[in-house]
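Here's the structure we're looking at; comments come further down.
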Amino acid sequence: MEIERANLLAFARMVIRDVLQNTSENPHVIMYEDDPSAKPAVITAVKRLLTIVEHCLCHGLRRSLPVIDDNSYSGDLFTNGGFLRHSNAIFKLAKDRCLSDTSIHCQSCLQPDPWPVLLHLEQLLASCNRLSETVNTMSELRTGLGKSRAWILQALMQKSLSAYFQHLVDGECPQVPPGLSVPQPSSTNGVDSPEGELKFVAPKRLPREFFYHPGALLLNDEGVVFAGLLVGLSSIDFCFALKDNLGELDYPLHVIPYHIFMQYNVEQLDRLFSKQNSYAHVNLTSVIDQKSLLEDMNTKLRKRLDCAQVRQVADEERTAALTTQVDALKLENRSLRIAIDHFRNRTPETGTNTSELPPQNGVTLSDALQPHPGPEFDDELNRLRNENEEKSILVRSLRAQLSENQSHAIQLKRELTNSRTLLEQKQLLIRQLEGKTRGLTTIVEQMRERLASVDAEKASLDRVLEQLRLQVSDLQTRCSLQQDDSKIQQELLCSLQSQLKERTTEVEQLQATVTELNTCKERVSQLQEEVEHWRTLCKEQESSLSEMATVVSSSKLEADNLRESHNALQDAQWTADSLVPNCSKCHVAFSVSRRRHHCRNCGLIFCHFCSTQTMSLPSAAKPVRVCDRCHNLLLHRYTAKS
């Protein structure tokens, strides 16, 4: 069904485009068939439009649909009071249904009936006009397809066909059981109805799958496109004469003429391969300038990146030297602190003695703990203090310089990361642009090759066109020569045209028979294939039966021989010696040298040479003498038993 949907959509595009082109000069009024001022092209285009709309509406439609009539959905039709008010409508509805069921039952069974879909669609739209009421007043319409055609014509005149199809395609319908009406007690204006009065309430919505198969055009994306195509028809004012010949709307669906859009001529090919439609030359200057600009930007960014990397290496070396210097200063400061502690702990005795003495004469413990060294110790201590202060000042300055270097290094790292990210982005952009450039170059090469092939093809077509023009000129000269002859043959042509009309009518009548003959021919070919198949099978069966017949005949002969021998053996008796003067097999007379020998199986008398075989019998414990015939019979019997 996908191919059917695609074909219907393509044909709808072509038909709607044809209608819009034919009505571009006068898009306001279109008279259908009865208008003498209407163009034949417009009439045929409108007919094709109606045909494709009918096919799209009936595509995938289920055959067995419930009868949904507009009168069955009225609010008080089936109440006790509403029955009297709407009795005329009920009788008219019964009359129409009886006529439609009796007169055209066979035709309605074979044709699709989209009338329930349109009725349900009108009930879902609150703002739409009641087109079904107008259609129901047309008593000449007997089939649902005819009513649907009248409904489509009125929707086109009201410019609402696209809105109906759009709602049918986009409408969200919840799942509702397929019952048409449910009897429920009703109330009017808040007052309960009398007992026993039931009001039939129809379901508000039915799913689209209730009317169409899953592969229908209106249930797929092609239906949305088709509804969008119908919007263009709202710019045309349609006018159809629906009062006369309404019975003609009950005809079956027309066949879509797909062949009309498959025709072309030499002028269209010439227009197609003209200079205006040829491929334009591609200008590569902008692409080359953009590529050179990107290459310059790439080189500048690479230079900046190299400078930043050099600065980063220098800053890293500087920070390493400063860190080593700070470590050395820390070690020196630690050694100075150790020396100061050593000088302070030089006189431990004085400290211990003073700690043991109590405070006297107002002298505090701190004064007693203070040492009283000599002048050399004071000078050394002052020198060390001064040196320590200088070292601490140097350490603070180095720390400040180190912090500045660290902040500068952090800033350089940030700049380096930013430059790296920027460089990566630029490189990615460069790679993308290089890929685009390569793609554009390949496209340009392909376009050049294609242009060369198109030029070659155009040259060949030009040559063909020149040849055709020469042929046309020759034909024109010949035509001018034959015009005189055509004048003489006009009278004959008129008679032939009348005969041709008769033959065309006969051909149209025989087309149906031709189609039937084609189907019969296909059926005959199928039956011939089946006959050949069964004939080969019959030959095989006959060959197998002949083989089986030979086997059966041979087995019958053997069975007859065995049966005769068996009967002979059953009738066998012991023969007296005096009764048989000759051998029973070779018929040689017995003598002193040729003695008589009895066969222990059949009892006949044989000579020694005809009864040399021995065979074990049930009546004897040992193998006994038997004749050659009994020996073969017994041997065959024993082999068959084994």
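Some points to look at:
- Highest mean first, the peptides 601-614, 525-538, 147-160 sorted by other C-beta atoms within 10 Å per residue fall in the order 147-160, 601-614, 525-538.
- Cα gyration tensor shape of region 404-553, rounded if a/c is under 1.5, else prolate or oblate by comparing a/b with b/c: oblate
- For LYS487, the lysines whose Cα falls under 30 Å of its own Cα, not counting residues fewer than eight places away in the same chain, are LYS501.
- Over 18 Å (Cα to Cα) - which of LYS330/LYS391; LYS291/LYS426; LYS585/LYS622; LYS303/LYS426; LYS291/LYS436 fall in this group: LYS585/LYS622
- Less than 5 angstrom separates the built amide H of LEU617 from those of VAL624, all sequence-distant by 5 or more or on a different chain.
- Gyration tensor verdict on region 569-641 (Cα atoms; rounded if a/c is under 1.5, prolate if a/b is larger than b/c, oblate otherwise): prolate
- Cα centroid of region 583-639 to Cα centroid of region 454-530, whole Å: 98 Å
- Under a 5 Å amide H cut-off, with hydrogens placed 1.01 Å from N, ASP237 pairs with HIS28, VAL29 among residues at least 5 apart or on other chains.
- Placing pseudo-labels 7 Å out from each Cα toward the beta carbon at HIS213 and LYS300 gives an inter-label distance of 6.8 nm.
- Two-site label geometry, ALA640 and VAL454: point separation in nm, points 7 Å out along Cα→Cβ: 9.4 nm
- Cα-projected label distance for ARG337 with ASN7, points at 7 Å along beta-carbon direction, nm: 10.0 nm
Bear in mind that the values in this text are calculations on the coordinates, not laboratory data. Because the structure is predicted, anything quoted here is derived from the model rather than measured. Neighbour counts are summed over all protein chains in view; Cβ atoms, including those assigned to glycine, are modelled from backbone coordinates with ideal geometry.
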